[in-house]
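Starting off with a structure, shown below.
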Amino acid sequence: MKRGMMFFVLVSLGFPPFHLAAAQQPKKVSRIGYLSSFDRSGESARAEAIRLALRERGYIEGQNIAIEYRYAEGKRDRVPELAAELVRLKVDIVVAAGGIATARAAKNATETIPIIMVGQGSDPVEAGLIESLARPGGNVTGVTNLTRELGGKRLELLKEAVPKVARVAVLFDPANRPNVLEVKKVLPVAAGALKLTIQPWEVRDSDGFEKVFAALNKPRPDGLYVPGGGPLMSTNLKRIVGFALKSRLPSTYYDREFVNAGGLMSYTADTADSYRRVAYYVDRILKGDKPADLPVEQPTKFELVINLKTAKQIGLTVPPSVLARADKVIR
């Protein structure tokens, strides 16, 4: 049969022309696994920032991407299990939200699926996740937030906001390596320069907070510091902030969510900005780039958040020089 006659017969029988049939083939829906060590409510704003940034790049959930969400609800032993579940689903990319431990669980679950890390955490090179920031070398890339390295700056800002502070209690999770390094290496150096005394208090699980809170009043500190990273502090955010308010303790944190809940102040990398940056990595990887060749980014934007309602409640007047440097003031 001649080519023209074949075309006519196929169209007559209801078959579309070849070029139209090709055009009508359904587009591939890429599957993204979202792995978080936190709970759904705590991650909702951050996950939404990623969704909006993806939409700006043409990736719309339910159309050309599907996102599988897995939350460990603060139970660190569940993270590896959830990572393995996403691998079994054969997702195209895993977004590991929540720091080094989450990214490590994802990496232990797969050496081939690209992993984009984001959230609080320490040095991913030191943690063995990547070879270098410029050339990650494996299947992990993303954004690192320098949580631990900002510890000295947080202490400095607390001292400026509360000049009389001399003893600072530090709540930390001994099972969280970045916490331990911050408490044992970073904070003592900064405290020495600021003439502050650090009082470390270990909290191993949710049941341990009340015991520590009771012991904290003897001797009573002048301030409270919560180091960055890990689900234990995040999932007990309201208990920590409530204790600081009840005890009239000036407090400083690694995440603005603590300040939104009633903490005094926080200084950290702009978390929303780093989560939006995930969309860039998703786009590049879906277009064929390898994680090994995509440099890990460090934050360029930082924010100081101060809660003046809390300051008033605990009887503190924040110096105008500190307020002037705040990126956000809750009044």
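Condition first: of a type in the set (A, V, I, L, M), in a helix (DSSP H, G or I) and within 19 Å of Pro299 (Cβ to Cβ). Can you find one or more residues in region 158-180 that meet it?
Checked against the condition, which is being of a type in the set (A, V, I, L, M), in a helix (DSSP H, G or I) and within 19 Å of Pro299 (Cβ to Cβ), region 158-180 yields no hits at all.
Which one of the conditions (1) touching a Gly at 6+ places or on another chain (Cβ under 8 Å); (2) surrounded by fewer than 19 Cβ atoms within 10 Å (Cβ to Cβ) does Ala324 fail to meet, given that it meets all the rest?
Of the numbered conditions (1) touching a Gly at 6+ places or on another chain (Cβ under 8 Å); (2) surrounded by fewer than 19 Cβ atoms within 10 Å (Cβ to Cβ), the odd one out for Ala324 is (1).
Any residue at all in region 182-204 that is in contact (Cβ under 8 Å) with a residue 40 or more places away in the chain and in contact with an Asp or Glu (Cβ under 6 Å, 6 or more places away or on another chain)?
no
For region 27-107, which strands (runs of 3 or more DSSP E) that fit wholly inside it have 1 or more residues that are within 13 Å of Gly119 (Cβ to Cβ) and among the charged types (D, E, K, R)?
Per the criteria, no element qualifies.
Okay, residues lined up against (1) modelled with pLDDT of 95 or more; (2) more than 21 Å from Gly98 (Cα to Cα); (3) crowded, with 18+ Cβ neighbours inside 10 Å:
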residue: Ala169; (1), (2), (3): yes, yes, yes
residue: Ala191; (1), (2), (3): yes, yes, yes
residue: Pro200; (1), (2), (3): yes, yes, yes
residue: Val203; (1), (2), (3): yes, no, yes
residue: Asn217; (1), (2), (3): no, yes, no
residue: Leu224; (1), (2), (3): yes, yes, yes
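Quick grid of which residues meet (1) under 22 Å from Glu149 (Cβ atoms); (2) among the hydrophobic types (A, V, I, L, M, F, W, C):
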{"site": "Ala175", "(1), (2)": "yes, yes"}
{"site": "Ile198", "(1), (2)": "yes, yes"}
{"site": "Val203", "(1), (2)": "no, yes"}
{"site": "Ala215", "(1), (2)": "no, yes"}
{"site": "Pro227", "(1), (2)": "yes, no"}
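Look through Leu129, Leu150, Leu155 and report the one residue that is in contact with a Leu (Cβ under 9 Å, 6 or more places away or on another chain) and buried (at least 17 other Cβ atoms within 10 Å of the Cβ).
Answer to the selection: Leu155.
Among the residues of region 293-310, write down those that are open to solvent by less than 50 Å² (accessible area, probe 1.4 Å) and in contact (Cβ under 8 Å) with a residue 60 or more places away in the chain.
Of region 293-310, the ones open to solvent by less than 50 Å² (accessible area, probe 1.4 Å) are 294, 296, 299, 303-308, 310.
Within region 293-310, Leu294, Val296, Pro299, Leu304, Ile306, Thr310 meet the criteria.
Any idea which of (1) under 17 Å from Arg154 (Cα atoms); (2) open to solvent by 40 Å² or more (accessible area, probe 1.4 Å) is the one Lys290 doesn't satisfy?
(1)
Also, quick follow-up: Just to verify a result, which residue in region 29-55, among those that are modelled with pLDDT of 95 or more and basic (Lys, Arg), is farthest from Ala72 (Cα to Cα)?
In this case the residue turns out to be Arg55.
So which pairs qualify, if the first residue must be in region 55-67 and more than 22 Å from Ala83 (Cβ to Cβ), the second must be open to solvent by 80 Å² or more (accessible area, probe 1.4 Å), the Cβ gap must be under 8 Å, and the two must be at least 6 apart or on different chains?
What qualifies is Asn64/Lys27; Asn64/Lys28.
If you scan region 81-126, which residues turn out to be among the hydrophobic types (A, V, I, L, M, F, W, C), modelled with pLDDT under 95 and open to solvent by 50 Å² or more (accessible area, probe 1.4 Å)?
Ala101, Val125
Is one or more of the residues making up region 253-270 without any contact (Cβ under 8 Å) to a residue 40 or more places away in the chain, hydrophobic (A, V, I, L, M, F, W, C) and buried (at least 23 other Cβ atoms within 10 Å of the Cβ)?
Scanning region 253-270 turns up at least one residue that is without any contact (Cβ under 8 Å) to a residue 40 or more places away in the chain, hydrophobic (A, V, I, L, M, F, W, C) and buried (at least 23 other Cβ atoms within 10 Å of the Cβ).
Right, another one. When the residues of region 177-188 are narrowed to those that are open to solvent by 20 Å² or more (accessible area, probe 1.4 Å) and in contact with a helix residue (DSSP H, G or I) (Cβ under 7 Å, 6 or more places away or on another chain), which ends up nearest to Thr317 (Cα to Cα)?
Val186
The values are calculated or read from the model by the stated rules, or taken from the named source; none is laboratory data. Please read these numbers as outputs of a predicted model, since none were measured by experiment. Reconstructed Cβ throughout: ideal geometry from the backbone, glycine too, with neighbour counts over all protein chains shown. What goes into the accessible areas is simple: the full protein's heavy atoms, side chains included, and nothing from ligands, DNA or RNA. Shrake-Rupley method; radii C 1.70, N 1.55, O 1.52, S 1.80 Å.
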